[in-house]
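Visitor: The following block contains the structure, expressed as structure tokens.
The values are calculated or read from the model by the stated rules, or taken from the named source; none is laboratory data. Remember, predicted model here, so these are calculated numbers, not experimental data. Don't worry about glycine lacking a Cβ; one is built from the backbone with ideal geometry, like all the others, and counts go over all protein chains shown. With ligands, DNA and RNA removed, areas are computed over all heavy atoms of the protein, side chains included. Shrake-Rupley method; radii C 1.70, N 1.55, O 1.52, S 1.80 Å.
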Amino acid sequence: MKKFFYFILILFFTKGASAVEFQGKFMQGHFIIGKTKPGTKVLINKKEVRVTNDGYFVFGIGRDRKYDVVITINKDNTKQKIVKKVQKREYNIQRIDGLEEKKVTPPEEVYERIKNENGWIANARSVDSNLTHFKNKFIVPVEDSIITGVYGSQRILNGEPKRPHYGLDFAAAEGTKIEAMLDGVVTLAEPDLYYSGGTLIFDHGHGISTLYMHMQKILVKKGQKIKQGDVIGTVGSTGRATGAHLDVRLNWFQTRLDPETVLPN
């Protein structure tokens with residue numbers, strides 16, 4: 001009888017563990033989609049996240065995260081804790097010279113402007129809507145482009161070490177069309193931010209957003225719904241840029257993720 005009880009117990013926990021599936025690598029900078037039973041409560045590192053009606057949830061791992069990811073699943077008064085080790089990555093060093101000195105070390109008179117603009121971006125990245133577009137496959141935003149900058153690179157600007165690069169750079173001729181990588185809603189559309197120039201942010205649901213930077217023209221407005229493949233603007237060299245390119249960013253709320261982890265190979 002005791003052996004039978006232990007068998008049932010083991011079977012229960014095995015079923016519980018198999019009830020959660022993950023798509024993506026538990027590695028620094030990566031985007032991960034989870035799938036569980038509908039009606040389940042999910043916490044990522046003690047933060048409750050949205051779960052779609054069909055059981056999907058999403059989160060990401062920051063560039064420098066060193067600690068395990070703890071996923072807690074609550075369903076029908078049963079709690080399951082899943083601990084995932086985070087794999088470390090090696091990042092490149094990228095040197096960029098020839099920038100205007102005021103773009104590398106801004107003069108004091110623009111500090112307030114930069115602070116305000118950073119606030120707008122942070123607010124757009126804080127949106128926690130019930131959209132479910134994040135479940136779908138992304139597409140490359142600029143055809144026939146060359147990747148010239150990758151996520152995580154330590155940047156040295158005019159010889160000065162600066163913050164890492166958190167995006168993916170697509171070099172293309174100025175005026176080249178930019179397509180939306182995924183369905184979404186425009187949460188920020190600004191033609192001239194100090195650092196990023198022409199800038200768009202789209203909400204894709206559950207804290208997932210994308211940013212498009214250094215654009216020449218912006219062809220959509222805040223609040224507008226867009227479809228994947230829609231032309232949303234053109235490649236430029238606005239803001240802190242040394243040439244025509246599109247810098248794309250991917251975020252889970254304020255956590256910066258690697259856009260390459262969602263784009264087709």
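Visitor: What pairs come up if the first residue lies in region 45-65 and is more than 24 Å from LEU168 (Cα to Cα), the second is surrounded by fewer than 17 Cβ atoms within 10 Å (Cβ to Cβ) and of a type in the set (A, V, I, L, M, F, W, C), and their beta carbons are under 6 Å apart, counting only those six or more places apart or on different chains?
Guide: Filtered contacts from region 45-65: ASN45/VAL70.
Visitor: Could you look through region 164-181, keep only residues that are in a strand (DSSP E or B) and more than 20 Å from ILE226 (Cα to Cα), and pick out the one that is farthest from the chain's Cα centre (by Cα)?
Guide: Only one residue fits best here, namely ALA171.
Visitor: Still on this structure: Going through region 26-59 one residue at a time, which ones are charged (D, E, K, R), touching a Phe, Trp or Tyr at 6+ places or on another chain (Cβ under 9 Å) and either under 14 Å from PHE134 (Cβ atoms) or surrounded by 17 or more Cβ atoms within 10 Å (Cβ to Cβ) (or both)?
Guide: Residues satisfying the conditions are LYS35, ARG50.
Visitor: Right, next: Go through the residues of region 149-163 one by one and say whether even a single one is modelled with pLDDT of 95 or more and within 14 Å of GLY239 (Cα to Cα).
Guide: Within region 149-163 (the criterion being modelled with pLDDT of 95 or more and within 14 Å of GLY239 (Cα to Cα)), the answer is no, since none of the residues qualifies.
Visitor: Restricting to region 60-95, name every residue that is farther than 20 Å from ASN251 by Cα, open to solvent by 30 Å² or more (accessible area, probe 1.4 Å) and aliphatic (A, V, I, L, M).
Guide: Answer for region 60-95, where residues must be farther than 20 Å from ASN251 by Cα, open to solvent by 30 Å² or more (accessible area, probe 1.4 Å) and aliphatic (A, V, I, L, M): VAL83, ILE93.
Visitor: Taking the condition open to solvent by 40 Å² or more (accessible area, probe 1.4 Å) and among the β-branched types (Val, Ile, Thr), does THR132 pass?
Guide: For THR132, the condition - open to solvent by 40 Å² or more (accessible area, probe 1.4 Å) and among the β-branched types (Val, Ile, Thr) - is met.
Visitor: Then there is this: In the list GLY223, GLY207, GLY229, GLY175, which residue meets the criterion of being at pLDDT 95 or above, surrounded by 20 or more Cβ atoms within 10 Å (Cβ to Cβ) and among the small types (Gly, Ala, Ser)?
Guide: GLY207
Visitor: Conditions first: (1) in contact with a Leu (Cβ under 9 Å, 6 or more places away or on another chain); (2) under 17 Å from ASN251 (Cα atoms). GLU190 passes all but one, so which condition is the exception?
Guide: Unmet for GLU190, out of (1) in contact with a Leu (Cβ under 9 Å, 6 or more places away or on another chain); (2) under 17 Å from ASN251 (Cα atoms): (2).
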